[in-house]
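Asks: This structure is in structure tokens; I'll ask about it shortly.
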Amino acid sequence: MAGKVFFSVSMSLDGFIAPESSEELMGRQWMELQQWIFPQRFFRENLKLGEGGEEGRDNDIVRETFERTGASVMGKRMFDAGEKMWPQEAPFHTPVFVVTHEKRDPWERPGGTTFHFVNDGIETALDLAREAAGDRDVRVAGGGATILEYVNAGLIDEFSIALSPVLFGSGIRLFEGVDAACVALEQVRVEHSPRVAHLTYTVRKR
């Protein structure tokens, strides 16, 4: 189990990573939050949005995040929203373990993504993801509540935030409810581009 457990998200300057309602995904605020990633060549190629796109450090970070990920974990809310929006060839191309109370057979998609539905909690989902990832990393893809569960359980090794120059005012805060008494952070990297600032931290117990 050589790989790390990490998450990587875009966040507004006032701390939000998504609108409150899944119906607002792909709305104006969310599109502004994610505006840095849509033009990137790797992102466009991965979602089959067409040829072309920007290259540079933003593009490299998108590609590096994808390449380090051997399996992903997500919550049911994120899966439900993504099931409606992802193309037929879902953008993960690895096993994905969905933490849910729903019992459902694995859902295989074209391009190497298979969704597995885990009814035994976040630790079981992570154990399965670690096994599937081999020596690559496990990404906790979201949403915010699922990321927070993993942080508070002491199961996150590292995370990256793409800090986007937008304000939400309301929505889902990344660290709402974090057990700050149990989590300490070390900043390991800061990079910026004209579109966004990339912040990377390692996590340790206090």
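The values are calculated or read from the model by the stated rules, or taken from the named source; none is laboratory data. Treat the numbers as computed from the prediction; the structure is a model and nothing was measured. For neighbour counting, all protein chains shown are included, and Cβ atoms are generated from backbone atoms with ideal geometry for every residue, glycine included. With ligands, DNA and RNA removed, areas are computed over all heavy atoms of the protein, side chains included. Shrake-Rupley method; radii C 1.70, N 1.55, O 1.52, S 1.80 Å.
Asks: Rolling a 1.4 Å sphere over the protein heavy atoms, what is the accessible area per residue of the range 48-130, to the nearest Å²? Spell out each step's value before the answer.
Replies: On the way: 4300 Å² over 83 residues.
Value returned for the range 48-130: 52 Å² of accessible area per residue.
Asks: On alpha-carbon atoms, Rg over Rh for the range 18-59 using Kirkwood Rh?
Replies: Working: Rg = 11.9 Å, Rh = 11.2 Å.
Checking Rg against Rh, the ratio lands at 1.06.
Asks: What three numbers, in Å, describe the spread of the alpha carbons of the range 132-179 along their principal axes, ordered from the longest?
Replies: In descending order, the Cα extents are 40, 23, 14 Å.
Asks: Also, I was wondering about something else. Lysines within cross-link reach of K103: Cα-Cα under 25 Å, excluding same-chain residues under 8 positions apart?
Replies: K76, K84
Asks: Another question about this same structure. Send over the Kirkwood Rh of the range 34-143, from the inverse of the averaged 1/r over different Cα pairs, rounded to one decimal Å. Mind showing how you got there, number by number?
Replies: Details: mean 1/r = 0.0688 Å⁻¹.
Hydrodynamic radius (Kirkwood, Cα pairs) of the range 34-143 is 14.5 Å.
Asks: If you take Kirkwood radius over Cα pairs in Å from the coordinates, which of (1) 17.4; (2) 16.9; (3) 16.3 do you get?
Replies: Matching the structure shown: (1).
Asks: Might you report the magnitude of the Cβ-based charge dipole of the chain about its Cα centre, with Lys and Arg at +1 and Asp and Glu at -1, to the nearest 20 debye? Mind showing how you got there, number by number?
Replies: Numbers: 23 positive and 32 negative charges, 30 e Å.
I would put it at about 140 debye.
Asks: So how much slack lies between T114 and E191, counting 0.36 nm per residue of separation and subtracting their Cα-Cα distance, in nm? Provide the component values of the computation, followed by the final result.
Replies: On the way: separation 77, 0.36 × 77 = 27.72 nm, distance 3.29 nm.
Going from the current span to full extension adds 24.4 nm.
Asks: In nm, to one decimal, how far is the modelled label at D60 from the one at D135, with both set 7 Å along Cα→Cβ?
Replies: Calculated label separation equals 2.4 nm.
Asks: Quick one: if you stick a label point 7 Å off each Cα along the C-beta vector at E123 and K205, how many nm between them?
Replies: Placing both labels 7 Å along Cα→Cβ, they lie 1.2 nm apart.
Asks: For all pairs of alpha-carbon atoms in the range 39-92, what percent lies in each bin of width 10 Å, listed from the first bin to the last filled one?
Replies: Histogramming the range 39-92 at 10 Å steps yields 22, 46, 30, 2 percent.
Asks: Right, next: For the range 1-97, with only Lys/Arg (+1) and Asp/Glu (-1) charged at the beta-carbon, what is the dipole magnitude about the Cα centre, in debye rounded to 20? Please list the in-between numbers first.
Replies: Details: 11 positive and 16 negative charges, 58 e Å.
Roughly 280 debye for the range 1-97.
Asks: For the range 1-42, count the residues as N, evaluate 2.2 N^0.38 Å, and divide the Cα radius of gyration by that value, please.
Replies: Working: Rg = 13.2 Å, N = 42, 2.2 N^0.38 = 9.1 Å.
Here the Cα radius of gyration is 1.45 times the empirical estimate.
Asks: Largest first, what is the accessible-area ranking of H101, H116 with a 1.4 Å probe? Kindly include the intermediate steps, with their values, before the conclusion.
Replies: Details: H101 175, H116 55 Å².
So the residues, ranked largest to smallest area, are H101, H116.
Asks: Given a Förster distance of 25 Å, report the FRET efficiency between K76 and S170 from their Cβ-Cβ distance, rounded to the nearest 0.05.
Replies: Working: r = 22 Å, r/R0 = 0.89.
The pair K76/S170 has a calculated efficiency of 0.65.
Asks: Here's another thing I want to ask about it. Starting from the residue with the highest accessible area, list E54, E24, E131 in decreasing order, probe 1.4 Å.
Replies: On the way: E54 70, E24 90, E131 145 Å².
The residues order as E131, E24, E54, largest area first.
Asks: Give the long-range amide H neighbours of V5: residues separated by 5 or more places, or on another chain, with amide H under 5 Å away, using H modelled in the peptide plane at 1.01 Å from N.
Replies: When sequence neighbours closer than 5 places are left aside, the close amide H contacts are V138, D157, E158.
Asks: Let me ask something additional. Which residues in the range 64-94 have a backbone N closer than 17 Å to a point placed 7 Å from the Cα of K103 along the Cα-to-Cβ line?
Replies: Label zone hits: none.
Asks: Counting only residues 5 or more places away or on other chains, whose amide H sits under 5 Å from the amide H of S10 once H atoms are built in the peptide plane?
Replies: A162
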